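The block underneath contains the structure these notes are about, expressed in C-alpha cells.
Each reported figure results from applying straightforward, stated rules to the coordinates on display, with no laboratory input. Keep in mind it's a predicted model, so treat the numbers as computed, not measured. Counting neighbours? That spans all protein chains shown, and the Cβs are built from the backbone with ideal geometry, glycine included.
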Amino acid sequence: MKQMSFEIGALQNELWQVRKQRRFVMRSSEERLHELVENAWSEDSLAQLVRKYGLCDVCDFSGLNISAARVLVNCAIAALYRYPLLRSRFCYLGSQKGYMALVKKFTQCDAETMKALGLQHICGEELARSFGQGLLEFMAEPSRGTGNVLAQAVLAGGFLDGVLLDERDFSTERFREIKESLEESVRIGHFAKDCASVSAVIFHEIGHLLDSLCGVSEGAAVQEAFREGRERKIAKELSAYAATSPAEYVAEGFAECMSSGAPRRAARAVAEAIAKSYQTLEASR
C-alpha cells in the first residue's frame with residue numbers, strides 16, 4: 001500500500017469534487033462481464049473491455065500473463081458491483097511497469113493522459129510535474145518501493161489511485177512458486193483463511209482502496225479492535241498481518257470475506273464495518 005497527498009487551487013475544487021463522487025455504471029450483469037473477461041484472449045482485447053465498461057480510467061497490462069490480468073479485472077468487477085462508489089478510486093488497473101509509464105506521462109502533463117484520467121481541467125502543468133515527480137520518487141523508495149511485493153494499492157485521494165501487479169511475479173513461470181508461497185503464508189497464519197490465491201492478494205489491495213474511500217480503519221469498530229493490546233487476538237482470529245495495523249486489519253478481513261465461502265467472525269466483523277461506513281458515504285452523496 002502506498003499513499004500520496006496533494007493540494008489543488010480553489011478554482012479547480014468544484015470539478016474535483018464532482019470527479020471524486022464518480023460511481024460505477026452497471027451496463028451489464030456481473031455474470032456477463034466475468035464471462036467476457038474470461039473470453040478476452042489478449043492484453044489489447046481485455047483493455048478494450050475494461051474501457052468499454054468503464055471499470056477504470058487507464059489500464060495497462062504490459063508484462064502480465066493474460067491469466068493474471070483477467071484475475072485482476074475480475075476482482076475489480078466483483079468489488080465494483082458491491083461498492084459502485086469505489087470507481088472513483090479505480091484510476092488505474094494493471095502492471096507496475098504500466099503504472100510507472102502512466103505517471104511519467106502525467107508528470108509531463110501529456111494531453112491524452114490527462115484526458116483519459118479526467119484531469120485536464122483540474123490539474124495544471126505545475127501540479128502535474130510536482131505531484132508526478134513526488135509519486136515517482138515515493139514509488140522508488142527502497143523501504144516502500146518496487147521490490148517483490150506481488151501486488152500493491154496506490155492511494156492518492158482519487159488522483160492516481162490504482163491496483164498494481166508486479167510483472168516480475170505475474171509474467172509467466174512464477175505462478176507455481178507464488179501459489180506455494182501463499183499457501184505456506186496461510187498455513188502459518190500470516191495471511192487470512194482461504195487467501196492462498198492471486199485473487200485474495202488483489203482483494204487485499206482493493207480493501208485498502210475501499211478503506212481510503214470510506215475511512216473504515218478510522219472508525220470506532222476497527223479502532224476498538226486495536227485497543228488494549230488486542231493484536232495477539234487479531235493474529236489468532238484473522239491473521240498475523242492483520243494485527244500489524246488497522247489498515248491491514250481491514251484489508252485482510254475484506255480479502256477473507258471475498259475469498260472464503262465461510263469467513264470467520266473477525267472477517268465478518270470487518271465486512272460489517274465496511275458496509276456501515278459505505279452506507280454512511282452513500283447517504284452523504
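Can you tell me the order of 189-199, 83-93, 119-129 when each peptide is scored by its average per-residue count of other Cβ atoms within 10 angstrom, highest first?
In decreasing order of mean packing, 189-199, 83-93, 119-129 become 83-93, 189-199, 119-129.
What 222 nm value per residue comes from the helices of the chain, counting each DSSP H run with n ≥ 4 as -39,500 (n - 2.57) and dividing by all residues, nearest 500 deg cm²/dmol?
Result for the chain, helices only: -17500 deg cm²/dmol.
Longer than 27 Å from Cα to Cα, which of LYS52/LYS97; LYS97/LYS233; LYS97/LYS236; LYS179/LYS236 are they? Say none if no pair is.
LYS97/LYS233; LYS97/LYS236
ARG87: net charge of surrounding residues, Cβ under 9 Å, Lys/Arg +1, Asp/Glu -1, itself excluded? Mind showing how you got there, number by number?
Working: positive: ARG22, ARG23, ARG89; negative: none.
Residues near ARG87 contribute +3 overall.
Can you compute the charge dipole magnitude of segment 1-119 about its Cα centre, using +1 on each Lys and Arg Cβ and -1 on each Asp and Glu Cβ, nothing else charged? Give it in debye, rounded to the nearest 20.
In debye, rounded to 20, segment 1-119 gives about 300.
Lys and Arg at +1, Asp and Glu at -1: add these up for the other residues within a Cβ distance under 14 Å of LEU213 and post the number.
That works out to +4.
Measuring from label point to label point, each 7 Å out along Cα→Cβ, what is the GLU282 to GLU30 span in nm?
A separation of 1.3 nm, rounded to one decimal place.
Quick one: putting +1 on the C-beta of Lys and Arg, -1 on the C-beta of Asp and Glu, what dipole do you get for the chain around its Cα centre, in Debye to the nearest 20?
In debye, rounded to 20, the chain gives about 580.
Percent relative contact order of the chain, based on C-alpha pairs within less than 8 angstrom and at least six residues apart?
18 percent
Once Lys and Arg get +1 and Asp and Glu get -1 on their Cβ, which of GLY219, GLY162, VAL50 lies farthest toward the positive end of the dipole of the chain?
GLY219
Provide the gained length on full extension for the span HIS121 to ARG265, in nm with one decimal, where the gain is 0.36 nm per separating residue minus the Cα-Cα distance.
Contour length minus the Cα-Cα distance gives 47.2 nm.
If you count the DSSP beta bridges with both ends in the chain, what percent of them are antiparallel, to the nearest 5?
30 percent
Which parts of segment 246-285 would a label at GLU231 reach, counting a residue when its backbone N lies under 19 Å from a point 7 Å out along Cα-to-Cβ?
Within reach of a label on GLU231: 246-253.
Among SER88, ILE66, ALA101, whose Cα sits farthest toward the positive end of the charge dipole of segment 2-165 (+1 at Cβ of Lys/Arg, -1 at Cβ of Asp/Glu, about the Cα centre)?
Going by the Cα projections, it comes out as SER88.
Averaging sequence separations of C-alpha pairs under 8 Å and six or more residues apart, then dividing by the length of segment 2-165, give the relative contact order as a whole percent.
Normalised by residue count, the contact order of segment 2-165 is 30 percent.
Using the charge dipole of the chain (Lys, Arg: +1 at Cβ; Asp, Glu: -1 at Cβ; taken about the Cα centre), state which of GLN17, HIS190, ALA111 has its Cα farthest towards the positive end.
Positive-end residue among those listed: GLN17.
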